[in-house]
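Just below is one structure, and these are the notes that go with it.
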Amino acid sequence: TDGATSSGIVSMKSFIRKLSAPAEFLLVVLVCFWWGIAGSIRALVSRSWGVRSAGEFTDRGALTLIILELSSVAVAFWIARIRGWSFRSFNLQATWRSTAAGVLLCFVIASARSISAALTNAVFPGAVHLLPVVSHVSVPLLILTLAINPAFEEMIEAGYFIRSLERYGMWAAVFASALFRAFLHAHLCVNAIVVVFPIGLIF
């Protein structure tokens, strides 16, 4: 049994090592976002295109999200090791300058979000509501979610996504990243395009 398992792992590593760049990209995206893709397809198929809140966020939902994201990153890092990625290209080092830029970016995002919603509502009154998420999450799980989820999303949705597609042109990669982010938030309906898409472009 151990021999068969070892042989299977070797075969899997060989398969991953031989993947083309587009096949690697598809594999990593599916590994990291299969549940988000499935949920977004379900939302697009089953719901009318209206205004909806982000829904209710509970301890169970937070724990499920944390487990899914950590396990996905673990598999993605395993693939990265086999493929010989260089994580230096992601420039993940924190500095005072980059932290200050991040704080400034927070204000830019908040302003862009409000302006985008206001302009849309000026043309289509009542189309967008910046509805809060109803949250019933305990403090420890909330802290864990706030630590893990943003790092996961920006590392993969922005970092890996754009680095992998920049060979097609930087703006094509940025646009694809923002569009994919909006698609993953399809459950928010109009807000996915009016609010989430512009945030993806800025990130």
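The values are calculated or read from the model by the stated rules, or taken from the named source; none is laboratory data. Source: prediction; values computed, not measured. A quick note on method: Cβ atoms are made from the backbone with ideal geometry, for glycine too, and the neighbour counts reach across all protein chains shown. Heavy atoms of the whole protein, side chains included, go into the accessibility calculation; ligands, DNA and RNA do not. Shrake-Rupley method; radii C 1.70, N 1.55, O 1.52, S 1.80 Å.
Tabulated values for the structure
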{"read-out": "The stretch 115-138 residues that are farther than 17 Å from I199 by Cα, paired with ones that are modelled with pLDDT under 85 and exposed (fewer than 12 other Cβ atoms within 10 Å of the Cβ) (beta carbon under 7 Å, 6 or more apart)", "value": "V134/E56; H136/E56"}
{"read-out": "Selection within the stretch 141-153 - surrounded by fewer than 14 Cβ atoms within 10 Å (Cβ to Cβ) and of a type outside the set (G, A, S)", "value": "I143, L146, P150"}
{"read-out": "Subset tally (residues that are without any contact (Cβ under 8 Å) to a residue 24 or more places away in the chain and either surrounded by fewer than 17 Cβ atoms within 10 Å (Cβ to Cβ) or touching a His at 6+ places or on another chain (Cβ under 9 Å) (or both)) for the stretch 177-192", "value": "2"}
{"read-out": "Residue within the stretch 167-175 that is surrounded by 14 or more Cβ atoms within 10 Å (Cβ to Cβ), at pLDDT below 90 and over 19 Å from F57 (Cα atoms) present", "value": "no"}
{"read-out": "Residues satisfying the stated conditions in the stretch 108-127, i.e. of a type in the set (S, T, N, Q) and open to solvent by 40 Å² or more (accessible area, probe 1.4 Å)", "value": "S111, S114, N121"}
